[in-house]
Amino acid sequence: MRAHHALRPLHAEWTKLRTLPSTWWLLAALVALTLAVGAAAIAPVAADVCPGGTCDEDTVKLSLTGVWMGQAACLILGVLTMGAEYGTGTIRTTLAATPTRWRVLASKATVLALLTAAGGALAVLASILLADALLPDYAPALRPTLGSVLCLTLVALLGLALATMLRDTSGAITLGLGILYVVPLLVTLIPSPTWQHRLERWAPMPAALSIQSTRHLADLPIAPWPGLGVLAAYAAGLLLLAGVLFRTRDA
Amino acid sequence: MTTSTNTEPETTPTPYRSHLHPTHAGFPRLLHAEWTKFRTVRAWLLVLVAAAVATVLITQLSASGSVTSGGPDAIHGPDGTTVTDSFRFTHRPLTGDGSVTARVTGLKTADDRSVEPWAKAGLIVKSSLRQGSSYAAVLATPGHGVRMQWNFTHDTAGSDSAVTTAPRWLRLTRTGDRLTGYESADGANWSKIEDVSLSGLPKTVQVGLVLATPGHQDVHRSFGGSSQSSGGGRATATYDHLTLRGTSTTTPWTSTDVGAPTPNAPAPHNARPDSTTTVTDGTYTLTGQGDIAPDQGGPDIVQMSFQGVFVGILFMIALGALFVTGEYKRGLIRTTFTATPARLKVLAAKTTVIGAVTFVAGLAAVAVGYTLAQSTLRGNGFGPPAFPDYPLLENPALRAVLGSAALLSLVAVLALAVGVVLRNSAGAIATVVMLVILPQILSFAFPLPAARWLLRVTPAAAFAVQQGVKKYDFTSHNCLPEGGCYPLSPGNGLTVLAAYTAAALLLAAWTVRRRDA
């Protein structure tokens, strides 16, 4: 092992992540679920909703619906990256080997981000290729594609932050799934326009996926890039908070 | 007298043996053991309390932000349902028994849109020209065949002949309170559609030709709010062979728009500007708009009082999963199975405890949440008569409250069963959240047919139990998932979730028996 000193924690984290069977299961689930839901979303459009392909549906956004499902896999991957260490107690070994705690967290975040970006890119590209094959006038665009991959990566980092803060896998997963799914559900179903407006602007989840829209952009509650920015702010803010807590607390 | 002494000294100390045979340990004892496990973990009690508090709090926040200024006066049908009742009516009074017959020869749109599937042309017997008064009608529609409908909430399908392609003979007879609808292809061979009784029908009623068409609805859906624009919707229908048998005043046929500002005033004040009736050589041509149907578009203030359940359910999922995965994680499961080798009994005891605990906590939370939300909504303008009172202990509120508690409990048991199968909390929690909550989110994003299908076949169908307004499938109302509309009826929706839970429990029972702990 002749890796540079600074790269050693990175290499260690990569080894840990790569040797967990759950990592590969989750990445497989990310690709499979994203693709399956994307296919289910576009199939009716291809078949009978608009036969000529000249309907009002935002086909690019529709083909990327699977990201809604795939992000759960990313969240769990992010949570397990830290949560598994607390669950099994390896965190103490990790911190004994690398006492600089911010470096541990940064290495975990880097490895996790690279891995989910790769998995997410695979899932998103597969969905786009499938839609391209099924729909006649499908025109993939760069912003939704890139944005979806970024969104999946940020969700994984959010999971890492939550697990570091809570030091508990099930708590972090429950909270994370609440942010990803329950908040957007309330945004739509809540009968109160006041709270709807507040949640649309301040909650990370429906906001981030506005990055996928290619039609009726003026009708969106938040513009595409600022929307993704909301999620990025949550992920970065929570990661920072997690870093502070990680430094100040016992393992 | 002899002092008692140990006449048989013990050779070896016998180890303690329970009097109970391990496999025959009583089920109440097992229940007690599982209940002790539950109540002594402080985190679980906290989660349970947090679930209840979050449910009440979110429900209350949601209700406090919902304000209405009342809107136009609602029209109520004979049974109190909010209804739409406006149509073009060419009528004569009929006193006592009699019948009206006509042939509907065509129904087409009068503007540049396609004809609505629920446009209606036919015959009606109505107790008065007042909106919401009782009626019975035989109607030919372009998309749903021939129907007999009465008092807004009742509908019987006749033949599925489409009025846009084939003329149809219709007949409506009155005998006392009984009204019978008939249809025929040729005017000679008649088949009965339905025979109904309208109580309180006056001696003299208005009978004649009816034309109504709901407005065309354009739905633009997007996540975080879909907009619906309803436009136009004028139709023209033609009739001939109009005959009325029975005692009627000798006045000719007159035309009125039911729902026009002053229906009893002389023409033209009793009509909308673009409604017409022309008669040439026995052919009646009616042009108009409106609909005769239950009004399904308004806010459902029962359903609006359960928003917190979406948050409470998350805690219940975590609780159900952790109740068993916690034992697998810490190895306690081996102790549990050593104490009670009958594993199915352990599973049954765990199911009973978590089901009962989540049901009781859920019931308390939704009942309190519902009561608070209802009083908040009253204060925000959702008051009678447009929004009648729904007392907690009467249907539909009682059904919605009990159903929501059952929903929370069933989901917790589902999480428990999935936890037994997967033996880890991360997988169990994520799986159940994706089964129960994700389908609803996807239903907002999917095209409508796929979205409705999703809400029929996944456990998310169970949220239909919170609906207070009964959904009728014979209206043109668009059932949009983002509007809180679930395609299944409350009972069927909850049954779907119960079926998932039962299937998961069976799978759990099978795996827990054949696997090592």
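All of the numbers you see were taken from the coordinates with simple rules; none came from a lab. The shown structure was predicted, so the numbers you read here are calculated from the model rather than taken from an experiment. Glycine gets a Cβ as well: all are built from the backbone with ideal geometry, and neighbour counts include every protein chain shown.
Here the stretch B:275-422 has an Rg and Dmax of 25.3, 93 Å, counting Cα atoms alone. The C-alpha atoms of chain B define a longest principal axis, and helix B:343-379 lies at about 50 degrees to it. By the rule of a C-alpha distance below 19 Å, with chain neighbours fewer than 8 residues away ignored, the lysines paired with B:K345 are B:K37.
Would you mind getting me the FRET efficiency between B:T247 and A:S22? Use the beta-carbon distance for r and R0 = 60 Å, nearest 0.05. Write out the running numbers ahead of the final one.
Numbers: r = 83 Å, r/R0 = 1.39.
The value I calculate is 0.10.
Hydrophobic, long helices, defined as DSSP H runs whose alpha-carbon span along the helix axis is 24 Å or greater and whose mean Kyte-Doolittle value is at least -1.0, occur in chain A at A:21-44, A:67-88, A:101-134, A:142-166, A:224-248. Per residue of chain A, the DSSP helices (runs of n ≥ 4 H) give a summed -39500 (n - 2.57) that works out to -24500 deg cm²/dmol at 222 nm.
In nm, what is the difference between 0.36 nm times the number of residues separating A:A32 and A:A139 and their Cα-Cα distance?
Working: separation 107, 0.36 × 107 = 38.52 nm, distance 2.26 nm.
So the chain would gain 36.3 nm between A:A32 and A:A139.
When the P(r) is computed for the stretch B:325-368, the part past 11 Å accounts for 70% of the Cα-Cα pairs.
Normalising by residue count, the stretch B:77-294 has a Cα convex hull of 131 Å³ per residue. Secondary-structure-derived ellipticity at 222 nm for chain B, considering helices only, amounts to -12000 deg cm²/dmol, per-run term -39500 (n - 2.57) for DSSP H runs with n ≥ 4. Taking amide H positions as modeled 1.01 Å from N, with prolines and chain starts lacking one, the residues under 5 Å from B:T109 and 5 or more places away or on another chain are B:V115, B:T236. Amide H contacts of B:K120: B:A212, B:T213, each under 5 Å away and 5 or more positions distant or on a separate chain (H built 1.01 Å from N in the peptide plane; Pro and chain starts excluded).
Given a Förster distance of 51 angstrom, what is the FRET efficiency for A:A106 paired with B:R334, based on the Cβ-Cβ distance and rounded to 0.05?
On the way: r = 39 Å, r/R0 = 0.77.
So, using R0 = 51 Å, E works out to roughly 0.80.
The phi torsions of the stretch B:132-141, fed into the Karplus equation with coefficients 6.51, -1.76 and 1.60 and a -60° offset, translate into couplings of x, 6, 5, 7, 9, 9, 10, 10, 9, 10 Hz, rounded to whole numbers, with Gly and Pro shown as x. Across chain B the C-alpha pair distances fall into 10 Å bins from zero in the proportions 4, 16, 21, 17, 14, 11, 8, 4, 2, 1, 1, 1, 0, 0 percent.
Using the Karplus relation 6.51 cos²θ - 1.76 cosθ + 1.60 with θ = phi - 60°, the per-residue 3J(HN,Hα) values for the stretch B:156-170 come to 10, 7, x, 6, 9, 5, 8, 5, 6, 10, 10, x, 9, 7, 10 Hz, with x marking Gly and Pro.
Once the Cα-Cα distance is subtracted from the 0.36 nm per residue extended length, the B:T68 to B:R514 segment shows a gain of 154.7 nm.
Let me test this: with uniform point scatterers at the alpha carbons of the protein assembly as shown, what is the Debye-based log₁₀ I(q)/I(0) at q = 0.06, 0.08, 0.09 1/Å? Taken in order of the listed q values, log10 I(q)/I(0) reads -0.48, -0.77, -0.91. Database remark: amide H of B:I75 closer than 5 angstrom to the amide H of B:V83 (H placed geometrically; neighbours at sequence offset of 5 or more, or on other chains; Pro and chain starts carry no H).
Counting only GluC sites (Glu not before Pro) that DSSP places in a loop and that have at most 13 other Cβ atoms within 10 Å, the longest clean stretch of chain B runs over B:11-393. For the stretch B:426-443, 3J(HN,Hα) computed residue by residue from phi via the Karplus equation (6.51, -1.76, 1.60; θ = phi - 60°) reads 4, x, 5, 4, 5, 4, 6, 4, 5, 6, 9, 9, 4, x, 5, 5, 5, 5 Hz, glycine and proline entered as x. Among the lysines of the stretch B:77-294, pairs at least eight places apart or on separate chains and with Cα atoms under 20 Å apart come to 4. May I ask for log10 I(q)/I(0) of chain A at q = 0.11, 0.15, 0.16, 0.17 Å⁻¹, from a Debye sum over the Cα atoms as equal point scatterers with solvent left out? The Cα Debye sum returns log10 ratios of -0.61, -1.02, -1.13, -1.23. Need the C-alpha centroid separation for the stretch A:62-83 versus the stretch B:108-148, integer Å. With the stretch A:62-83 and the stretch B:108-148 each reduced to a Cα centre, they are spaced 50 Å. Comparing Cα centroids, the stretch B:192-217 and the stretch B:332-348 end up 65 angstrom apart.
Suppose R0 equals 25 Å. What FRET efficiency, 1/(1 + (r/R0)^6) with r the Cβ-Cβ distance, do B:L344 and B:R39 give to the nearest 0.05? Write down the numbers at each step before the final one.
On the way: r = 23 Å, r/R0 = 0.93.
E(calc), rounded to 0.05, equals 0.60.
Rank the residues A:I128, B:I313 as a footprinting-exposure proxy: fewest other Cβ atoms within 10 Å of their Cβ go first. Could the numbers behind the result be given before it?
Working: A:I128 20, B:I313 29.
Starting with the residue having the fewest Cβ neighbours, the order is A:I128, B:I313.
Partners of A:K16 within straight-line reach, counting lysines whose Cα lies under 29 Å from its Cα and excluding those fewer than 8 residues away in the same chain: A:K108, B:K329. Reducing the stretch A:143-158 and the stretch B:305-328 to their Cα centroids gives an inter-centroid distance of 28 Å.
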